[in-house]
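Remarks on the structure that follows.
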Amino acid sequence: MTEVLQSTPDREELILNMGPHHPSTHGVLRFIVHTDGEIMRKAVPDVGYLHRGLEKIAELQTYPGYMPFTDRINYLEVMFTNMAYATAVEKLLGTEVPPRAEVLRVLVCELNRIASHQITLGCITMDLGAFTPFVHLLRERERINDLMEALCGNRLTFNYMRIGGVSQDVPDEWLKQLEAFLDHFEPVIDEFDSLISYNEILIKRMGEVAVICAEDAVGFGLVGPNLRASGVDWDVRRDLPYGAYPQMDFQVPVGMGEKGTVGDCFDRFIIRVEEMRQSCKILRQCLANLPEGDIKAKVPKMPRPPKGEVYSCVEGARGELGVYLISDGTPKPYRLKWRTGSFAGLSIIEHISRGLMIADLVAVIATLDVIAPEMDR
Amino acid sequence: MGSFSEYLANIGRSIVTLGDGLAVTFSYLLRKPFTIQYPDRTEKPVVAMLPERSRGILEIDINVCTGCSICAKQCPIDCIHIEVVKDEETKQRVLKRFDIDVAKCMFCGLCVEACPVSGLRHTHEFEGSMSDVHRLMLSFVDKPQPVAKPAKKDEPAPETKPVGSIVRKLLADWWKPANPTSGGPR
Amino acid sequence: MTTASKEICKKLADKLGVVLDFREEAGDPWALIPAERWKQACLTARDEPELSFNFLRSLCGVDRPDDGVIEVVAHLFSYQHRHALVIHTNTDRSASRLESVSSVWPAAIWHERETFDLFGVDFTGNPDLRRILLPEDWVGHPLLKDYEEPDSYRGIPTTRPGYEKKKFGPQLKKPAPKKPAPKVEKKPEGGEAPKGTAGSAEQK
């Protein structure tokens, strides 16, 4: 870490460089922190270290050929990026997805949401100094990775969805394994709660820290758990239903200010714990109501969507994950733009960092759940 | 005085909640461990423990390959290189080159889904680290051979070699000192 | 969806006092806003109680070299009314400039930075218009259709040694119109044209 002492006649300010490889920055991400003692004047995020030009690549790929690249948008939200892209192309093509595929999509998405929140919660606790909960949650995520590998062949870059459905049906015994996992995992959430969630030290580190009011959250375009923690009751799954979600019954947790003020770090933490419970509930409903039938609609091998544009969004683990897709009638997209939750989530840090302690910045980054590849694309 | 009692209460709450957490941690002393010793203390080799659909290094059974090049067209990053030429004497199409660049491959499986004769498939092999990236170009055709004819509807599908055997042989070659016929920059 | 969008669009047009070009193709319909009314339209869309678009979902650019424009597209959403609106505006491709809407939605600061970075659109009034995804000294704006990938960046080659060169070349459609496109290519470095404005903005 390099330190630059900058002093001007009227003020003294220490500029600290945090990152790009700082362990708490969640990927290659850098902050330029202007501090006055322990208090921050502002923290300016510097992103782009993981820019891979995935939007440019889309213009050079065919529609089905871009699907594996969507896996690389965010390594924790692969099913959601798959789904957002697939639904965008389907909307343009006017394809009806078979009911079994819709339920399978919801099933894998919710499983992915649990895996993503496990990493998030684990990282929050680890950033705040508790290592054990991270290991506990990573152990549970390992089971999900095994399930995913049995289903679609890969542990991280699933590439499971296809335009018009999903690539493979569930293997034999897989649903039983999933049920066994749920039976095992639901008590683990309670165990996690008593392990760390209501630990007084953790509460003191997160309660009342970095409060984001609802107005700021909406203005800066925060989405998903971060938005709900600020008291805005909004969930794309419930409010703009897509896929098989209208058939599902679940609650949307909203920030209550349980250990401080609505919109503080603790709300962002505890909402994710609650969302894992709700995901388990949705998974059980999927298991009970998995219809029989096709898993993929008939789509041409080289689809040429009609000229037009579409914005399609799904509720990812980090909130609204949108794809803006323009077709010009050729087999390749004319333009593709990803709207990701982390990008908006990080843009608010400069605004809220004023007056925070340096140690709290770590809590803010962790609870905003920013993932570097998703911002940089 | 109030703040002092609050201070003590904080400490008290911290100790109680820490105790709750530690109780969970200690309970794991009595449970079965979840971790395994990788790679050599497992009951079976790790490759054998992977689920059936696991996507490892690609391999092609050239005895069933019809040289249709659909896989190469499907590949989003062009890591499959196929060369089919027509033999002037026998009027047969001859498979001259079938290379897969494992260094580029992203294991998406689109090519395997597209293969009409199921000659191209994912093995469970995943350990193939090399000191030279160019040697990760796997060549499956040693000497040019005529392409296979696609099986007719009533015929049984031609027999393929066991999954993984072809790649395992190539991987074994990798570890020998530089071998001009396997891999190597072209 | 379409009729609802049309009504919203009509409301916005009434408040602005202009007739908006409403396009319907496959997918989502959208409205074309004249560039000089862009910020005013965004302010109206946010503040008018019937519209109250408080959430800027995304703001991005689209390069249309055949028309000689760079489109700027904003996706708006209203949590109160649960309705969405897509608005486009056209900026001149050779000197792309647009009034910033960062004072309307703070989220626009970063979205505009990204659009500036990848397309070279100069958003006047944005408090922090710097490159965001690419390094500060990068030449050109990669999402333009006539962008050519450089051979190297600071001495680091963009192609792996020993591999055949397969670079991102210009993606212009068959150079049929032949008017705006080759001109840009002939300049010493591809995508230099908007760079003049970009350079001055970077120094802010």
* To do: Residues being more than 10 Å from every other protein chain (Cβ to nearest Cβ) and either open to solvent by 60 Å² or more (accessible area, probe 1.4 Å) or more than 17 Å from B:ARG168 (Cα to Cα) (or both): count how many of those fall in segment B:101-147.
  => 16
* Out of the residues in segment A:271-283 that are open to solvent by less than 30 Å² (accessible area, probe 1.4 Å) and among the charged types (D, E, K, R), which is nearest to A:ALA244 (Cα to Cα)? -> A:GLU275
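Determine which member of the set B:GLY12, B:GLY2 is surrounded by fewer than 11 Cβ atoms within 10 Å (Cβ to Cβ) and of a type in the set (Gly, Ala, Ser).
B:GLY2
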* Asked: Which one of the conditions (1) at the interface with chain A (Cβ under 9 Å from one of its Cβ atoms); (2) open to solvent by 40 Å² or more (accessible area, probe 1.4 Å) does C:LEU134 fail to meet, given that it meets all the rest?
  -> (2)
* Asked: When segment A:88-103 is examined, which residues are found to be part of a helix (DSSP H, G or I) and open to solvent by 30 Å² or more (accessible area, probe 1.4 Å)?
  -> A:LYS91, A:LEU93, A:PRO99, A:GLU102
* Could you please let me know if C:PRO170 is farther than 27 Å from C:PHE53 by Cα and modelled with pLDDT of 85 or more? => no
* Check A:ARG228, A:ARG238, A:ARG268 and return the single one that is open to solvent by less than 50 Å² (accessible area, probe 1.4 Å), within 14 Å of chain C (Cβ to nearest Cβ) and either within 17 Å of A:ILE365 (Cβ to Cβ) or touching a helix residue (DSSP H, G or I) at 6+ places or on another chain (Cβ under 9 Å) (or both). => A:ARG228
* Check whether at least one residue in segment A:160-170 is over 22 Å from A:VAL314 (Cα atoms) and assigned to a helix (DSSP H, G or I), and report yes or no. => no
* To do: Mind listing whichever residues of segment A:17-44 are hydrophobic (A, V, I, L, M, F, W, C), within 23 Å of C:LEU134 (Cα to Cα) and open to solvent by 30 Å² or more (accessible area, probe 1.4 Å)?
  => A:VAL28, A:ILE32
* All but one of (1) within 14 Å of another protein chain (Cβ to nearest Cβ); (2) buried (at least 19 other Cβ atoms within 10 Å of the Cβ) hold for A:VAL106, so report the exception by its number. => (1)
* Structure fact -> Taking segment A:56-67 and keeping only residues that are assigned to a helix (DSSP H, G or I) and in contact with a strand residue (DSSP E or B) (Cβ under 8 Å, 6 or more places away or on another chain), one is left with A:ALA58, A:PRO64, A:TYR66, A:MET67
* **Residue check, A:PRO241 under 26 Å from A:ARG105 (Cα atoms), in contact with a Pro (Cβ under 9 Å, 6 or more places away or on another chain) and not in a helix (DSSP H, G or I)** => no
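I'm checking my understanding of the structure. Among residues of segment C:101-125 that are part of a loop (DSSP other than H, G, I, E, B) and either open to solvent by 10 Å² or more (accessible area, probe 1.4 Å) or among the small types (Gly, Ala, Ser) (or both), which one is nearest to A:GLY322 (Cα to Cα)? Steps first, please.
So the first thing to find is which residues in segment C:101-125 are part of a loop (DSSP other than H, G, I, E, B), and the list is C:101-107, C:120-121, C:125.
From the residues that got through so far, the ones that are either open to solvent by 10 Å² or more (accessible area, probe 1.4 Å) or among the small types (Gly, Ala, Ser) (or both) too are C:102-103, C:106-107, C:120, C:125.
On the way: C:SER102: 21, C:SER103: 23, C:PRO106: 19, C:ALA107: 15, C:GLY120: 23, C:GLY125: 27 Å.
The residue in question is C:ALA107.
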* Asked: Quick check: anything in segment A:188-208 in the same structural domain as A:THR125 (by TED's automatic domain parsing) and closer than 30 Å to A:MET67 by Cα?
  -> no
* Has segment B:25-47 got any residue that is within 20 Å of the chain's Cα centre (by Cα), assigned to a helix (DSSP H, G or I) and more than 21 Å from B:LEU136 (Cα to Cα)? -> yes
* Pick out, from segment B:50-125, the strands (runs of 3 or more DSSP E) lying fully within it that include 3 or more residues that are more than 17 Å from the chain's Cα centre (by Cα) and of a type in the set (Lys, Arg). => B:93-101
* Structure fact -> Only unsatisfied item for C:ALA31, checking (1) in contact with an Asp or Glu (Cβ under 9 Å, 6 or more places away or on another chain); (2) touching a residue at least 60 places away in the same chain (Cβ under 8 Å), is (2)
* Structure fact -> Selection over segment A:284-339 where residues are open to solvent by 10 Å² or more (accessible area, probe 1.4 Å), away from chain C (no Cβ under 14 Å) and in contact with a His (Cβ under 7 Å, 6 or more places away or on another chain) yields a count of 0
* Asked: Which of the residues spanning segment A:162-202 are more than 18 Å from A:ILE114 (Cβ to Cβ) and in contact with a Phe, Trp or Tyr (Cβ under 9 Å, 6 or more places away or on another chain)?
  -> A:ILE163, A:VAL166, A:SER167, A:GLN168, A:LEU202
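What number of residues within segment A:144-201 are at positive phi and surrounded by fewer than 15 Cβ atoms within 10 Å (Cβ to Cβ)?
Residues that pass the stated criteria total 1.
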* How many residues does segment A:44-78 hold that are over 23 Å from the mean Cα position of the chain (by Cα) and away from chain B (no Cβ under 12 Å)? -> 1
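Could you identify the single residue in C:LEU85, C:LEU98, C:LEU32 that is within 14 Å of chain A (Cβ to nearest Cβ), in a strand (DSSP E or B) and open to solvent by less than 10 Å² (accessible area, probe 1.4 Å)?
Matching residue, one of C:LEU85, C:LEU98, C:LEU32: C:LEU85.
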* To do: Kindly list the number of the only condition in (1) under 20 Å from B:THR160 (Cβ atoms); (2) at the interface with chain A (Cβ under 9 Å from one of its Cβ atoms) that fails for B:SER27.
  => (1)
* Structure fact -> Restricted to segment A:45-67 and to residues being free of Cβ contacts under 8 Å to residues at least 40 places away in the same chain and over 16 Å from B:MET106 (Cβ atoms), the residue surrounded by the most Cβ atoms within 10 Å (Cβ to Cβ) is A:LYS56
* Single residue of A:GLU142, A:GLU200, A:GLU149 found to be touching a helix residue (DSSP H, G or I) at 6+ places or on another chain (Cβ under 6 Å), at the interface with chain B (Cβ under 10 Å from one of its Cβ atoms) and free of Cβ contacts under 8 Å to residues at least 12 places away in the same chain -> A:GLU200
* Asked: Could you count how many residues in segment A:68-82 are part of a helix (DSSP H, G or I) and either over 9 Å from A:TYR160 (Cβ atoms) or open to solvent by 10 Å² or more (accessible area, probe 1.4 Å) (or both)?
  -> 5
* segment B:74-100, residues that are free of Cβ contacts under 8 Å to residues at least 24 places away in the same chain and surrounded by 14 or more Cβ atoms within 10 Å (Cβ to Cβ) -> B:HIS81, B:ILE82, B:GLU83
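The values are calculated or read from the model by the stated rules, or taken from the named source; none is laboratory data. The structure presented is a predicted model; accordingly, all values stated were derived computationally and were not measured. Quick reminder, even Gly has a Cβ in these numbers, built from the backbone with ideal geometry, and neighbours come from all protein chains shown. What goes into the accessible areas is simple: the full protein's heavy atoms, side chains included, and nothing from ligands, DNA or RNA. Shrake-Rupley method; radii C 1.70, N 1.55, O 1.52, S 1.80 Å.
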